[in-house]
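What follows is one structure encoded as structure tokens, with my remarks underneath.
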Amino acid sequence: MALLAQQIPRWLNSIKLSSFLTALQLRKCFPRAGKTLLPGFFAQPQLSSDDCFLRSGFKTYRTSSVWNSSQSTNSSSQEIKCAQNTLLPSVNEPSKKIPSFDSELSLEGLDDLPPLSPLQPISEEEAVRIIADPALPPSSFTLRDYVDHSETLKKLVLLGVDLSKIEKHPDAANLLLRLDFEKDIKQILLFLKDLGIEDNQLGTFLTKNYAIFSEDLENLKTRVAYLLSKNFSKVDIAQMVRNAPFLLSFSVERLDNRLGFFQKELELSVKKTRDLVIRLPRLLTGSLEPVKENMKVYRLELGFKHNEIQHMITKIPKMLTASKRKVTEIFDYVHNVMHIPHHIIVKFPQVFNSRLFKVKERHLFLAYLGRAQYDPGKPNYISLDKLVSVPDEIFCEEMAKASVQDFEKFLKTL
């Protein structure tokens, strides 16, 4: 029984190897359609392929033999030699070589050649015909070097965006170079167009607020919807966005807090507060420190009452953000040198928007002519509004009653 148990695995392995070699010989006898053989030649593989398949057959045989190696090592060696002598063709019979299955597969693959590899060698003539794009600079101090490589930058330039101003900001270049025009920028441009920003205004707007491309479109729509809910018209919103490009970059909470601050601090009605920020939308985007400082200056240093301050800032909103030094110098000259009282200054607050040297020149010329009379209750009254707003020709003709040449000669004496 022990001898029978040892012979059975060997007998099975011999049957498997014989069946495998017989199948290969049948394939040689019946070649595939499309394969032509010349007379006197066989469709036989190279010797290396035969060796590969023979080694594969032996590997199968040896794998089975190892399972029984603990019982009969010598018997396995004799069995292998027997199989070689009885089953395999001899070296002297080249016509009976076994065709390789690998060679069959390689011939089948000739129908569909794979694409050329990037590492495929080419001739010198082909290499000369290759036109390479200019190399992208690894680093640069200007966006100009990247315009030829970036479709986004090219289209922004066509829109009128000034890249020389944008590149002064450290993170601007990295932001714009990462953006895709179709996916990231186009939808923002369509939103701005729908809001009321004209084509010739997009360049200026985007130059100042290029960071709007990093905003979520839904957030921008939410902010516009909030302003509409506060009774700002679409025309008003478009005007505010043009004059304050960063307006839509602020959250709804911040916009609401700013509107509430001005309404409470200045004690204005809802309508007057809305009109105030429409005329000067930078009040919603700028710092509140200058506003608070100027409110103290008007009340404590210049001596205006609260209702007088309300009247002046609703007529000239820039008074809230004007330079403290400029405001105090103009008030000092108008009130202490020209002797114009508070209630007249309140009626003509645009004097704080004018230049101090212009007020001085015209007042000194009128004083030289004896016509510096600013009391509305007396004859030859000179309006403070016209004094600072009309051009030199009208000032000389209607107020000074002199020629422009005389005014210019007088200025040379100052």
Which numbered condition ILE197 misses (of (1) closer than 23 Å to LYS165 by Cβ; (2) in a helix (DSSP H, G or I)): (2)
What are the residue pairs meeting all of these: first residue in the range 230-253, first residue within 13 Å of PRO281 (Cα to Cα) and open to solvent by less than 10 Å² (accessible area, probe 1.4 Å), second residue assigned to a helix (DSSP H, G or I) and among the polar types (S, T, N, Q), Cβ atoms under 7 Å, and 6 or more apart or on different chains? ALA244/THR285; LEU247/THR285
Please enumerate the residues belonging to the range 210-244 that are outside any helix (DSSP H, G or I) and either hydroxyl-bearing (Ser, Thr, Tyr) or in contact with a Leu (Cβ under 8 Å, 6 or more places away or on another chain) (or both). GLU215, LYS230, SER233, ALA244
Residue among THR314, THR328, THR321 that is open to solvent by 30 Å² or more (accessible area, probe 1.4 Å), of a type in the set (Ser, Thr, Tyr), more than 16 Å from LEU266 (Cβ to Cβ) and under 46 Å from the mean Cα position of the chain (by Cα): THR328
Would you check which residues across the range 344-372 are more than 20 Å from LYS326 (Cα to Cα) and either open to solvent by 10 Å² or more (accessible area, probe 1.4 Å) or assigned by the TED database to the domain that holds LYS305 (or both) and list them? ALA367, TYR368, LEU369, GLY370, ARG371, ALA372
Take the conditions open to solvent by 40 Å² or more (accessible area, probe 1.4 Å) and either in contact with a Gly (Cβ under 6 Å, 6 or more places away or on another chain) or in a helix (DSSP H, G or I) (or both) and apply them to ASP375. Does it pass? no
With respect to ILE340, determine if the residue is assigned to a loop (DSSP other than H, G, I, E, B), of a type outside the set (Phe, Trp, Tyr), closer than 23 Å to ASN294 by Cα and in contact (Cβ under 8 Å) with a residue 12 or more places away in the chain. yes
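The values are calculated or read from the model by the stated rules, or taken from the named source; none is laboratory data. All values derive from a computational prediction rather than experimental measurement. Cβ coordinates were reconstructed from backbone atoms using ideal geometry, including for glycine residues, and neighbour counts include every protein chain displayed. Please note that ligands, DNA and RNA were not included when accessible areas were found on the heavy atoms of the full protein model with its side chains. Shrake-Rupley method; radii C 1.70, N 1.55, O 1.52, S 1.80 Å.
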